[in-house]
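The structure appears right after this line, and notes come after that.
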Amino acid sequence: MSQVIAGRIVRKLCMACKVAYTPDADQLRKLNMKSFADYCRLVEGPESEELQELTNAITTNLTSFFREDYHFKQLAGEALPCIESKRAATRRIRLWSAGCSTGEEPYSLAIVLREALAHLANWDIKLLATDIDSKVVATAAEGAYAAERFKGVSNERVRNWFRQVAGRPGFSAACAELKDLITFKRLNLLDRWPMQGPFDVIFCRNVVIYFDKDTQRRLFDRMADLQEPGGWLFIGHSENLLNVTRRYKLVGRTVYRRLE
């Protein structure tokens, strides 16, 4: 493949998700194409559906229930009590799982919300879960997982919050109490964001490691704009905001709060 063609792919993917990818011969045969140049023209075409397929193929979707469990413990033990006190007048709480993958993170958040805030039955509590990959968003919205996906989750939590799926031995699906909290949407973090906030909690974990510093700075500034002072931000175990933004202060293990 020529450098010109490779450059086109890289440029287009930088717009989509900042990752370079080369289609293989199987994909070309599937599309009945004879060259990578033909594929590039398809991807670069207006309203290209193949661009979404390409994005789905290159995105990383490693996740698990209660991954980095210390985040969920600090959410339940510290963040949610603070938020409950702050929102007593409005009785409104909003969370965002940015880069939700196949749904284990937002369902883990929903479990914590149901357990920690069970006494707030009449409150307006919602969780937005987004990802650039349309296929994993569909999987997350379905909310059905094989038994091995619950490794590390207590049997009690599995019994309380998941139900066996009829006709799919070994699979359990999130119950309605969890699903009612969550709205799943496809969203490219580099595009315009339709939501207005404010978000009391944002989980954006193991996502920005794929972006350069300038892109990280823009993303976290945009997130700060969607939060009020004191809002909570949880990022990945290998990430930090040093030399990225001064709009948050560190209050835990990769846990931050929005400054004034």
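The values are calculated or read from the model by the stated rules, or taken from the named source; none is laboratory data. A quick note: this is a predicted structure, and the numbers were derived from the prediction, not measured. Note that we place each Cβ from the backbone using ideal geometry, even for glycine, and neighbour counts take in every protein chain shown. Side chains are part of the model used for accessible areas, which takes the heavy atoms of the whole protein and leaves out ligands, DNA and RNA. Shrake-Rupley method; radii C 1.70, N 1.55, O 1.52, S 1.80 Å.
Brief remarks on what is shown
- Summing +1 for each Lys or Arg and -1 for each Asp or Glu among the other residues whose beta-carbon sits under 9 angstrom from that of I93 gives +2.
- Accessible area, probe 1.4 Å, largest first, for residues K86, K151, K179: K151, K86, K179
- Residues whose amide H falls under 5 Å from that of C100, counting only those 5 or more places apart or on a different chain, are T130, D131, with hydrogens built in the peptide plane.
- With K and R counted +1 and D and E -1, the other residues having a Cβ less than 10 Å from that of F65 yield a net charge of +1.
- Karplus-derived 3J(HN,Hα) values for segment 110-118, using 6.51 cos²θ - 1.76 cosθ + 1.60 with θ = phi - 60°, are 5, 4, 4, 4, 5, 6, 7, 10, 4 Hz; glycine and proline are entered as x.
- For Y248, nonlocal amide neighbours, meaning residues 5 or more places apart or on other chains whose placed amide H falls under 5 Å from its own, are L259.
- In terms of its C-alpha gyration tensor, segment 99-164 comes out oblate, because a/c is 1.5 or above while a/b does not outweigh b/c.
- Solvent-accessible area per residue in segment 110-236 equals 48 Å², computed with a 1.4 angstrom probe and all protein chains kept.
- Based on C-alpha pairs under 8 angstrom that are at least 6 apart in sequence, segment 101-247 has a relative contact order of 23 percent.
- Whole-percent carbon and sulfur share, accessible surface of segment 107-200, 1.4 Å: 48 percent
- Per-residue accessible area (protein heavy atoms, 1.4 Å probe) orders E239, E156, E228 as E156, E228, E239, starting from the largest.
- Sites L120 and L259 - FRET efficiency at Förster radius 30 Å, r taken between beta-carbons, to 0.05: 0.65
- Amide hydrogen proximity for V165: with H placed 1.01 Å from N in the peptide plane, the residues at 5 or more positions away or on another chain lying under 5 Å are F171, S172, A173.
- The string of couplings for segment 125-134 from the Karplus curve (6.51, -1.76, 1.60, θ = phi - 60°) is 10, 9, 10, 8, 10, 10, 7, 6, 8, 5 Hz, one whole number per residue in order, with x for Gly and Pro.
- Checked against a 23 Å cut-off, the cross-linked pairs K126/K151; K86/K185; K73/K185; K86/K179; K135/K179 give Cα-Cα distances beyond that limit for K126/K151; K86/K185; K73/K185; K86/K179.
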